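Q: Below is one structure. I have some questions about it.
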Amino acid sequence: MDINFPLLLVLAVFITGLIALFDRLVLLPKRKAAIESFKSSTGSEPDQDALAKLEKEPSIIETSKSIFPVLALVLVLRSFLFEPFQIPSGSMIPTLQVGDFILVNKFDYGLRLPVIGTKVVSINEPQRGDVMVFKEPANPNINFIKRVIGIPGDKVRYMNKKLTINGQPVPEKYIAELRDEGGPYQLFEETIDGKNHQIRKDLGLRSLRAEGVWVIPEGQYFMMGDNRDRSNDSRYWGTVPEKNIVGKAIYIWMHWPTWTQLPSFKNNGTIE
């Protein structure tokens, strides 16, 4: 079951804020009136226990007033500034490892309303080579992270594990041939619009479904994982609409693959 955390957070802020406002406008004046009436009826020294009972806020009011500012702050930070994510799969290896905790800049691509994602303030647009978090087109409750390969108007071609953008082959520099539990693979340094990053290509593994030519429509983006042969991306399900953008991945701040392991900070650094 997918939990829509942004919606739950908005509802929590609304409900606790409404309760706090109702108390301030309706219940608090009634409590003050009751306290003044009690004092005037008991003389100069009213019973302190009885007075304390009159002054005491109902528990739901006290709780709502105490957590409302915290929830509101979290909502603002998470919706408009920064949001943490954990990398669940290996589609962005070697740039991002499974278990990396990253920080996503929510305002670089414009300010958006929480839950519905409507852009209200335009700032920058995604650029080729950016690592971007977005909502999966087929299921907006799931967040994906890939690299921006094609922007509106681009023609992207991927054949025989070679990437071409607008008729120009994307430069690759061979780094090494390695092996892990998935088998042998090669590392390359790829350069897109002056931005350098590493990509991985498995040896002997090829999918014809991952090959083709795509022309990117207006308001859409073509996304690919750096782990080119093990990434579920735009080569399979198409482009990402602008409304699905969440933000730009900018920093790795912790690595914690499983709860049975201790967290580490070996991968900390900016995301290239």
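The values are calculated or read from the model by the stated rules, or taken from the named source; none is laboratory data. Bear in mind the structure is a predicted one, so any value in this text is a computation, not a measurement. Every residue, glycine among them, receives a Cβ derived from its backbone with ideal geometry; neighbour counts consider all protein chains shown.
Q: Among the helices (runs of 4 or more DSSP H) confined wholly to the stretch 1-101, which include 2 or more residues that are in contact with a Ser or Thr (Cβ under 8 Å, 6 or more places away or on another chain), buried (at least 16 other Cβ atoms within 10 Å of the Cβ) and hydrophobic (A, V, I, L, M, F, W, C)?
A: Because the criterion is at least 2 residues that are in contact with a Ser or Thr (Cβ under 8 Å, 6 or more places away or on another chain), buried (at least 16 other Cβ atoms within 10 Å of the Cβ) and hydrophobic (A, V, I, L, M, F, W, C), the helices (runs of 4 or more DSSP H) in the stretch 1-101 that meet it are 5-22, 59-76.
Q: Moving on. If Val215 passes every condition in (1) farther than 28 Å from Lys106 by Cβ; (2) surrounded by 15 or more Cβ atoms within 10 Å (Cβ to Cβ); (3) of a type in the set (Val, Ile, Thr) but one, which one does it miss?
A: Looking at each condition in turn, Val215 falls short on (2).
Q: Can you find, within the stretch 126-153, the residue that is farthest from Phe101 (Cα to Cα) among those that are assigned to a loop (DSSP other than H, G, I, E, B) and touching a Phe, Trp or Tyr at 6+ places or on another chain (Cβ under 7 Å)?
A: This residue is Ile151.
Q: Take the stretch 124-166 and flag every residue that is at positive phi and small (Gly, Ala, Ser).
A: Hits for the stretch 124-166 are Gly129, Gly153.
Q: Can you tell me which residues in the stretch 208-242 are under 19 Å from Glu172 (Cβ atoms) and polar (S, T, N, Q)?
A: Asn227, Ser231
Q: Quick one: Gly183 ticks every box in (1) without any contact (Cβ under 8 Å) to a residue 40 or more places away in the chain; (2) within 30 Å of Leu111 (Cβ to Cβ) bar one, so which box is it?
A: So the condition that Gly183 fails would be (2).
Q: Applying the selection to the stretch 45-57, what residues are modelled with pLDDT of 80 or more and touching a helix residue (DSSP H, G or I) at 6+ places or on another chain (Cβ under 8 Å)?
A: Residue satisfying the conditions is Glu57 alone.
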